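Report on the following structure.
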Amino acid sequence: MQIRNICCIGAGYVGGPTMAVIALKCPDIKVTVVDINQDRIDAWNGPLHQLPIYEPGLKEVVAAARGRNLFFSTDINGAIDCSEMIFMAVNTPTKTEGEGAGMAADLRYFEACAKQIAKVAKTDKIVVEKSTLPVRTAEKIKEILEKHGKDDVHFEILSNPEFLAEGTAIQDLFKSDRVLIGGDPSPSGQMAVKALAEIYAQWIPREKILATNVWSSELAKLASNAMLAQRISSINSLSALCEKTGADIDELSKAIGMDHRIGPHFLKASVGFGGSCFQKDILNLVYLCKYYGLDEVAEYWHQVVKINDYQKDRFAQKIIDAFEGNVQGKNIAILGWAFKKDTNDSRESAAINISARLIEKGALIQIYDPMVTGDSINNDLNNFWKMSNFSNNMIKEFILMINIQSSLLNALDNADAVAIITEWDEFKEIDFSNDVKVFDGRNIVKSFGNSDIYNIGK
Ligand code: UDX
Ligand code: UDX
């Protein structure tokens, strides 16, 4: 079966770059990315320097394929109708209410999309789960498709989780470690797996394309993220012990990582991991384990998130302690809001918790990030305080204590303390004045006059 038309529902951090790369590498396939958000689609169709997502190399890929075989649209029904293969890349955040609130994945958008596909489809479709989902979601999706679909239309469901990391998405998509395709063992399921494998085989070596059953594929994504995050929480937990004992976390990390059985990656101590995936996916895994009665396993993985929260709190407390417990009226510069460098994404960024805690204690905050917009920063803090049950009046007062700065120099002006949260390259060589306290969450300070320096794990 040869695929000529594909569409992707969800033009976000995953759907946008993934489809742009498929379109670039497969010029004979028409790729349409659709989204309910008109502004987002307009931005994808707008000037290349203002795409809705900042990702190194993305604008070059979009420039090469857009208008040729890559299209962005809000006509979701039209795109479903014309495509033989439909990717679903809508967001699946953590549930905020109902059963499993705070842990389970909210599949509302995902299920609504499945319903829409079922209602619109007049011909057979291969439906590909791109979003990260709890294991056995495909079963639910199949039920929805069969219940709402036409009798003579057949749906085949594949799981094809995305492993790209933001900030390196294009390189990750060009040179994936592996592409995972989970499908049904039936002949039609295997035909669907083959059809999707053919697309990736245009640029990924065949030995890196791994076919599994659907459940292994769904669970592999959650498990991969949990293992990566576990390494960060392990090293972060040791950073606290280093601070007590005089061991140095960077030396420790290097020494551990030189053992080839462990390896050097994902062993960098930090203010705590952020991003849309790690916390959400681990909580999802914890919920799944509990659901299946595996309480010990659930508790094991839950610790990874708990240590991450501890690390963020510990960093904020370090700043407060350096002022003898009183940051009231102190001017604190927060450098970096994105959850890592080279992205404009701030979901679950450690900067949010740390800034919120300092503001709650009366500090004035100057925030600078080269890519994240002021609106996003305000929304992040607003949502954080709402989730922490602060009243609207309190939140209004807190917001008055935030200044979003458009340059690094403005943020540093009159700062009593500087907290470096994101490892943006432009923060590597800052010359701090003599009397500022520097809290380096990423161990990147190279040049610092005579300021007091507080490093994680040192
Ligand atoms: C993705 C995955 O989908 C998620 O499961 C994974 O764990 C992280 O990455 P991401 O691309 O980062 O999410 O999310 P986001 O940037 O929020 O994009 C989702 C898009 O889907 C948004 O543009 C939103 O407007 C769109 N959407 C959402 C729809 O088009 N329809 C809906 O019903 C809901
Ligand atoms: C992650 C997975 O890496 C990716 O495979 C999956 O598809 C989505 O989730 P992402 O969240 O985009 O990707 O970025 P990643 O590079 O994994 O970084 C996540 C967080 O961990 C960042 O806040 C980063 O700063 C932090 N981190 C990473 C550390 O604190 N220490 C490290 O050694 C590595």
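The values are calculated or read from the model by the stated rules, or taken from the named source; none is laboratory data. Values in this document were obtained by computation on a predicted structure and should not be read as measured data. In this analysis, Cβ positions are derived from the backbone assuming ideal geometry, glycine residues included, and neighbour counts consider all displayed protein chains. When the accessible area is computed, the model is the full protein with side chains, heavy atoms only, and any ligands, DNA or RNA have been set aside. Shrake-Rupley method; radii C 1.70, N 1.55, O 1.52, S 1.80 Å.
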Among the numbered criteria (1) part of a helix (DSSP H, G or I); (2) of a type outside the set (D, E, K, R); (3) touching a Pro at 6+ places or on another chain (Cβ under 8 Å), which single criterion is violated by Gly167?
-> (1)
Single residue of the range 359-375 satisfying the filter (touching an Asp or Glu at 6+ places or on another chain (Cβ under 9 Å) and more than 20 Å from Ile319 (Cα to Cα)) that is most open to solvent (accessible area, probe 1.4 Å) = Met371
Tell me, please, whether a residue that is within 26 Å of Glu198 (Cβ to Cβ) and open to solvent by 60 Å² or more (accessible area, probe 1.4 Å) can be found in the range 46-62.
-> yes
Note on Ala211: of the conditions (1) within 16 Å of ligand 1 (Cβ to nearest atom); (2) modelled with pLDDT of 95 or more; (3) small (Gly, Ala, Ser), unmet is (1)
Might you let me know whether the range 94-101 holds any residue that is within 16 Å of ligand 1 (Cβ to nearest atom), modelled with pLDDT of 95 or more, over 27 Å from Arg4 (Cα atoms) and among the charged types (D, E, K, R)?
-> no
Which members of the range 244-268 meet the condition of being crowded, with 18+ Cβ neighbours inside 10 Å, without any contact (Cβ under 8 Å) to a residue 24 or more places away in the chain and either within 16 Å of ligand 1 (Cβ to nearest atom) or not in a helix (DSSP H, G or I) (or both)?
-> none
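Which count do you get for residues in the range 376-401 that are surrounded by 14 or more Cβ atoms within 10 Å (Cβ to Cβ) and more than 25 Å from the chain's Cα centre (by Cα)? Walk me through it before giving the result.
Residues of the range 376-401 that are surrounded by 14 or more Cβ atoms within 10 Å (Cβ to Cβ), as a first pass: 376-378, 380-382, 384-385, 390, 395, 398, 401.
Now drop any that are not more than 25 Å from the chain's Cα centre (by Cα), which leaves 390, 395, 398, 401.
Number of matching residues: 4.
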Do we find a residue being in contact with a Cys (Cβ under 9 Å, 6 or more places away or on another chain), open to solvent by less than 10 Å² (accessible area, probe 1.4 Å), touching a residue at least 40 places away in the same chain (Cβ under 8 Å) and away from ligand 1 (no atom under 16 Å from the Cβ) anywhere in the range 112-121?
-> no
Picking from Ala333, Ala356, which residue would you name as being under 20 Å from Glu429 (Cα atoms) and either among the basic types (Lys, Arg) or open to solvent by less than 10 Å² (accessible area, probe 1.4 Å) (or both)?
-> Ala333
Which helices (runs of 4 or more DSSP H) does the range 1-85 wholly contain that include 1 or more residues that are in contact (Cβ under 8 Å) with a residue 40 or more places away in the chain and within 16 Å of ligand 1 (Cβ to nearest atom)?
-> 15-25, 58-65, 76-82
Can you find a residue in the range 138-159 that is open to solvent by less than 30 Å² (accessible area, probe 1.4 Å), among the charged types (D, E, K, R), more than 16 Å from ligand 2 (Cβ to nearest atom) and over 23 Å from Asn37 (Cα atoms)?
-> yes
Run down Ser407, Ser451, Ser433 and say which single residue is open to solvent by 30 Å² or more (accessible area, probe 1.4 Å), of a type in the set (Gly, Ala, Ser), in contact with a Ser or Thr (Cβ under 9 Å, 6 or more places away or on another chain) and more than 21 Å from Lys312 (Cα to Cα).
-> Ser433
Out of the range 160-193, which residues are within 16 Å of ligand 2 (Cβ to nearest atom) and of a type in the set (Ser, Thr, Tyr)?
-> Thr168, Ser176
Out of all the residues in the range 132-148, is one or more more than 16 Å from ligand 1 (Cβ to nearest atom) and under 24 Å from the mean Cα position of the chain (by Cα)?
-> no
What's the number of the condition Asn160 fails, among (1) touching a helix residue (DSSP H, G or I) at 6+ places or on another chain (Cβ under 9 Å); (2) away from ligand 1 (no atom under 16 Å from the Cβ); (3) under 23 Å from Leu283 (Cβ atoms)?
-> (2)
So Glu166 fits all but one of (1) away from ligand 1 (no atom under 16 Å from the Cβ); (2) of a type outside the set (Phe, Trp, Tyr); (3) under 20 Å from the mean Cα position of the chain (by Cα); what number is the exception?
-> (1)
Could you look through the range 208-243, keep only residues that are more than 16 Å from ligand 2 (Cβ to nearest atom) and in a helix (DSSP H, G or I), and pick out the one that is surrounded by the most Cβ atoms within 10 Å (Cβ to Cβ)?
-> Val214
Would you mind stating whether Gly10 is open to solvent by 30 Å² or more (accessible area, probe 1.4 Å), on the phi > 0 side of the Ramachandran plot and at pLDDT 95 or above?
-> no
In this structure, does Thr32 turn out to be surrounded by 21 or more Cβ atoms within 10 Å (Cβ to Cβ), at pLDDT 95 or above, out of contact with any Ser or Thr (no Cβ under 8 Å at 6 or more places or on another chain) and polar (S, T, N, Q)?
-> no
Kindly check whether there is at least one residue in the range 269-290 that is surrounded by fewer than 17 Cβ atoms within 10 Å (Cβ to Cβ) and within 16 Å of ligand 2 (Cβ to nearest atom).
-> no
Considering each residue of the range 72-89, count those that are buried (at least 21 other Cβ atoms within 10 Å of the Cβ) and either more than 16 Å from ligand 2 (Cβ to nearest atom) or on the phi > 0 side of the Ramachandran plot (or both), and give that number.
-> 6
